[in-house]
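J.: The following block contains the structure, expressed as C-alpha cells.
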Amino acid sequence: MKIMQLCLGMVATNCYIVYDENTREAVVIDPADNAPSILQAAEREKLSIKYVLLTHAHFDHILAAHGVLEATGAQYVVPEGDLWLLDRDNMGQFRSLARDYVQDVPDIVANEGTQVTFGGLTATYMSTPGHTPGSSVIRIENCLFTGDTLFRHECGRCDLEGGDFGQMLRSLKRLYDLAGDYQVLPGHDALSTLHEERAENPYMLQAAGKR
C-alpha cells in the first residue's frame with residue numbers, strides 16, 4: 001500500500017490518495033479542493049481511481065469531488081449521516097466559500113462496517129460521530145484516516161450544526177480501545193500514531209477516563 005498526501009484548499013485540508021502498488025487501483029479520501037492537482041498526482045503514478053471516499057461531508061472535504069468523479073468514473077461513497085451536508089444550502093456560514101461546488105449523488109451510502117475493495121486493499125468504515133452525525137474513520141490495513149474526528153493531540157470541533165461533544169468523546173473512546181497501534185492520518189495538520197494519541201491527546205485521555 002502506498003499513500004500520497006495532498007494539502008489542499010483554503011483551510012489546508014489533507015486529501016489522501018491510497019493505492020495498491022501492484023494493480024495501481026486507488027481511492028481518493030476527502031477530495032478537498034483543486035481537482036486538477038488530485039488528478040495530476042494520480043496520473044503521474046498511472047493510477048486508476050476506483051472510489052472517492054468521504055470521512056464526512058463538510059465543504060472543505062468535498063469541493064473537488066465532482067471534478068474527480070467526472071474525470072475518472074469513480075464511485076462516490078458518503079456516510080449516511082452526512083448526506084444532508086452535500087446540499088450547498090446546508091453549508092451555513094461556509095456557503096459563500098463553495099461557489100463552484102457541484103453536488104453529486106452518492107453511489108454507495110456508508111454506515112458502520114461498509115467496505116470497498118480496490119486492488120488487494122479493503123477500506124472499512126467505522127462510525128465516529130461527534131464532529132458531524134456521519135463522521136467516520138476509514139481503516140485501511142494499519143492506517144486510520146480519521147477526518148475531523150481525531151487530530152494530533154486534538155479532536156474536531158463540535159460547535160457546528162450536527163456536532164455533539166458527548167458523541168465525540170464516545171468516538172474517541174472507541175478509537176482508544178482499538179487493539180494495537182495504527183498510523184493516524186487526519187483531515188488537517190500533522191500525522192500521528194494511535195499510540196501517541198493514547199498517551200498525549202487530552203481529549204482521548206478524557207474519553208478514556210484517564211483525566
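The values are calculated or read from the model by the stated rules, or taken from the named source; none is laboratory data. Being a predicted model, the structure only gives us computed values, none of them experimental. Cβ atoms come from the backbone with ideal geometry, glycine included; neighbour counts cover every protein chain shown. When the accessible area is computed, the model is the full protein with side chains, heavy atoms only, and any ligands, DNA or RNA have been set aside. Shrake-Rupley method; radii C 1.70, N 1.55, O 1.52, S 1.80 Å.
J.: Would you be able to say whether some residue in the stretch 149-171 is of a type in the set (Phe, Trp, Tyr) and in contact with a Ser or Thr (Cβ under 6 Å, 6 or more places away or on another chain)? Don't jump to the end; show me each part of the working.
T.: As a first pass, look at the stretch 149-171 and keep what is of a type in the set (Phe, Trp, Tyr): 151, 165.
Then drop every residue that is not in contact with a Ser or Thr (Cβ under 6 Å, 6 or more places away or on another chain), which leaves none.
No: the stretch 149-171 contains no residue that is of a type in the set (Phe, Trp, Tyr) and in contact with a Ser or Thr (Cβ under 6 Å, 6 or more places away or on another chain).
J.: In the set Gly166, Gly147, Gly119, which member is at positive phi, more than 14 Å from the chain's Cα centre (by Cα) and modelled with pLDDT of 95 or more?
T.: Values: Gly166 fails: at positive phi; Gly147 fails: more than 14 Å from the chain's Cα centre (by Cα).
Criteria check complete, one pass: Gly119.
J.: I'm trying to understand the selection: among the residues of the stretch 76-86, which are within 16 Å of the chain's Cα centre (by Cα) and surrounded by fewer than 21 Cβ atoms within 10 Å (Cβ to Cβ)? Walk me through how you get there before you give the answer.
T.: Start the filter on the stretch 76-86 by keeping residues that are within 16 Å of the chain's Cα centre (by Cα), which leaves 76-83, 85-86.
Of everything in the stretch 76-86, those that are within 16 Å of the chain's Cα centre (by Cα) and surrounded by fewer than 21 Cβ atoms within 10 Å (Cβ to Cβ) turn out to be Glu80, Gly81, Leu83, Leu86.
J.: Then there is this: Can we say Gln40 is open to solvent by 40 Å² or more (accessible area, probe 1.4 Å) and under 13 Å from the mean Cα position of the chain (by Cα)?
T.: No.
J.: Separate question: Before we move on, is Asp89 over 18 Å from Pro31 (Cβ atoms) and more than 14 Å from the chain's Cα centre (by Cα)?
T.: Taking the combined requirement at face value, the residue satisfies it.
J.: Can you tell me which residue among Met10, Met4 is surrounded by fewer than 18 Cβ atoms within 10 Å (Cβ to Cβ) and assigned to a loop (DSSP other than H, G, I, E, B)?
T.: Met10
J.: Run down Asp189, Asp148, Asp159 and say which single residue is of a type in the set (Asp, Glu), crowded, with 20+ Cβ neighbours inside 10 Å and either in contact with a Pro (Cβ under 9 Å, 6 or more places away or on another chain) or closer than 20 Å to Phe59 by Cβ (or both). Reasoning before the result, please.
T.: Working: Asp189 fails: crowded, with 20+ Cβ neighbours inside 10 Å; Asp159 fails: crowded, with 20+ Cβ neighbours inside 10 Å.
Criteria check complete, one pass: Asp148.
J.: May I pose another question? Here is a list: Asp100, Asp60, Asp104. Which entry is open to solvent by 50 Å² or more (accessible area, probe 1.4 Å) and among the charged types (D, E, K, R)?
T.: Numbers: Asp60 fails: open to solvent by 50 Å² or more (accessible area, probe 1.4 Å); Asp104 fails: open to solvent by 50 Å² or more (accessible area, probe 1.4 Å).
Being open to solvent by 50 Å² or more (accessible area, probe 1.4 Å) and among the charged types (D, E, K, R) holds for just one of Asp100, Asp60, Asp104, which is Asp100.
J.: Of (1) open to solvent by 50 Å² or more (accessible area, probe 1.4 Å); (2) under 18 Å from the mean Cα position of the chain (by Cα); (3) not acidic (Asp, Glu), Gly73 satisfies all except one. Which?
T.: That leaves (2) as the condition not met.
J.: May I ask you to list the residues in the stretch 178-211 that are modelled with pLDDT of 95 or more, over 20 Å from the mean Cα position of the chain (by Cα) and assigned to a loop (DSSP other than H, G, I, E, B)?
T.: If the condition is that a residue be modelled with pLDDT of 95 or more, over 20 Å from the mean Cα position of the chain (by Cα) and assigned to a loop (DSSP other than H, G, I, E, B), then Ala179, Gly180, Ala208, Gly209 are the ones that fit.
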